[in-house]
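Below is one structure, written out as structure tokens, with a few remarks after it.
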């Protein structure tokens, strides 16, 4: 909307109320002003006064904003401004009901999880930090291999114990090559662990014995000998990504996404990936089919003759 377009008296009085009584930030009031200008434009187009607006009008105008390409967050701000205006008009005795009540912005599209390309995931797993204690480097290598090779959540990994026990949230069975984990909703599952992760874990066990405090059951311990926390793991993984020269910030869940995406690209078995990730609903796993399609689309764009743009003669 044009910045110097005048507002009607109701909208002006409402904005002044927000400034004096609610002390809303200038930026918020600017966004509200734009929203009120659109509300007034809709009412003028419909040939009605603001106080005569009905819920059907609000839904129509919100749908129009969506059709024009406004995002869910922007539409939600518009509706908040409109709802606030009619709440204030109701307090002034100008309207009998709020036409914006019950009207919601469209749901934002679910963002795709970020996954590493295969070569970057391999570079991360193979990296070694020569500036840190060699024992901790071996630990971090095992952690990286297990996150990427098993698709574990960070809490599932830090909850692993060296041996099974009634109190253990999870543990590694090196002989069977399995990780027993306690996932979301207190659901237990068994995840197969790849050869590279098993080798890294066996290599880590010797320095772990020297680092771990007496009677500490955790598989992964800090330099102080106590169970590694989620925050400590996140920082170590981010540091490892820097050492590997990766161009993006890496967090543990990104390796879980990479595990799922790469597994689905290779197998195409959505149900198996669901079981391995411990998702209660298949719809949660289906997001990785969109990642897989993006991968295929990029391959097509790069390789297929029909996808290449024609150059001018």
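The values are calculated or read from the model by the stated rules, or taken from the named source; none is laboratory data. In this text, all values refer to a predicted model and were calculated from it rather than measured experimentally. No Cβ is skipped: glycine too gets one built from the backbone with ideal geometry, and neighbour counts run over all protein chains shown.
Here is how the numbers come out for the structure above:
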read-out	value
Any helices (runs of 4 or more DSSP H) falling wholly within the range 1-95 and containing at least 3 residues that are under 21 Å from residue 105 (Cβ atoms)	26-46, 55-67, 72-91
Residue 81 over 30 Å from residue 260 (Cβ atoms), crowded, with 16+ Cβ neighbours inside 10 Å and in contact with a helix residue (DSSP H, G or I) (Cβ under 6 Å, 6 or more places away or on another chain)	yes
Breaking point among (1) surrounded by 15 or more Cβ atoms within 10 Å (Cβ to Cβ); (2) more than 22 Å from residue 134 (Cβ to Cβ); (3) touching a residue at least 24 places away in the same chain (Cβ under 8 Å), for residue 159	(3)
Evaluation of residue 105 against (1) at pLDDT below 90; (2) surrounded by fewer than 19 Cβ atoms within 10 Å (Cβ to Cβ); (3) outside the structural domain of residue 250 (by TED's automatic domain parsing) (one fails), failing number	(2)
Candidate set from the range 33-56 (those that are crowded, with 17+ Cβ neighbours inside 10 Å and closer than 17 Å to residue 101 by Cα); member that is nearest to the chain's Cα centre (by Cα)	35
Residue match in the range 170-185 (condition: more than 20 Å from residue 116 (Cβ to Cβ), without any contact (Cβ under 8 Å) to a residue 12 or more places away in the chain and touching a strand residue (DSSP E or B) at 6+ places or on another chain (Cβ under 9 Å))	yes
Counted residues, the range 170-189 - those being surrounded by fewer than 22 Cβ atoms within 10 Å (Cβ to Cβ) and over 25 Å from the mean Cα position of the chain (by Cα)	8
